[in-house]
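Heads up, the thing below is written out as C-alpha cells.
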Amino acid sequence: IEVETAPKSGNAEVDALIREARGQLDQIAAANDAIADPALSRQIEDIEATCRQILQRLEEQPNMLSQLRTFLRYYLPATLKLLNARAALEAEVSAGQSADIAARIAKAVEQVQSAFHKQLDALNEFRFINLESEMDVLADMLKSDGLTAEPDAPAAKEAEAPQADDPFASLFAKGEKK
C-alpha cells in the first residue's frame, strides 16, 4: 500500500484542492471495489492513476491551478457521483437487470478516461513548452556571451529550421492553444 504524503506545493489553496481530490479518488477506488465488471474496473483504475499524475503535476507547478480548476471542481466530483451510482446498481446489474443504464455508464466512463488522459497530455505539453522556452533562453544567453557557435554556423541554422517530428509544430503553426 502506497501512502501519499501531504501536498507541499507552497500554495495553501492548491494543497487543499489536492487533499480534497485525493479523498475523492479514494472514494472512487471504494466504488470500484463494489463493481464486478473487470473491464470497467481496469478503466476506473486507469482514471485514478491518471488523476494522481495530474495532481502530482499540480503539486509541482501550482501555477497550473487555473487550468485545472474545472477539472477539480466539476469533472472529478461528477466522475465520483457516476461511479457511486454504478456501484449502487451492482446487485441489479449482476442479476441481469439495469443493463441499459450500466452500458450507458460504461460508455461515460470510457469518455471520462479519454478526457482525463487528454488533460494529462495537455499538462505535459505545457511543461514541455516551458522547458523549450528555458532551453531557448539558455541558448540565447550562451550565444550572447560568445560561448556557442555563431548564428551563421550550420548547427545554428539547423536548430532554427522547423522540425518535421516536432510535436508542437502544429500547435504554433495554427496559433491555437489546448
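The values are calculated or read from the model by the stated rules, or taken from the named source; none is laboratory data. Keep in mind it's a predicted model, so treat the numbers as computed, not measured. Please note: Cβ atoms are built from the backbone with ideal geometry, for glycine as well, and neighbour counts cover all protein chains shown. Keep in mind that these areas ignore ligands, DNA and RNA; they rest on the heavy atoms of the full protein, side chains included. Shrake-Rupley method; radii C 1.70, N 1.55, O 1.52, S 1.80 Å.
Taking all protein chains into account, the per residue accessible area for region 78-142 stands at 61 Å² (1.4 Å probe).
Taking every pair of distinct Cα atoms and averaging 1/r, then inverting, what Kirkwood hydrodynamic radius in Å comes out for region 1-142?
Numbers: mean 1/r = 0.0603 Å⁻¹.
When all Cα pairs of region 1-142 are included, the Kirkwood radius is 16.6 Å.
Report, to the nearest whole %, how much of the accessible area of region 65-144 belongs to carbon and sulfur atoms, 1.4 Å probe, protein only. Show your work: numbers first, answer last.
On the way: 2820 of 4940 Å².
Answer for region 65-144 is 57 percent, counting heavy atoms of protein chains only.
The label point for LYS81 and the one for ALA103, both projected 7 Å from the Cα toward the Cβ, are 2.5 nm apart.
Panel note: the C-alpha atoms of region 62-109, placed on their principal axes, show extents of 48, 16, 11 Å (largest first).
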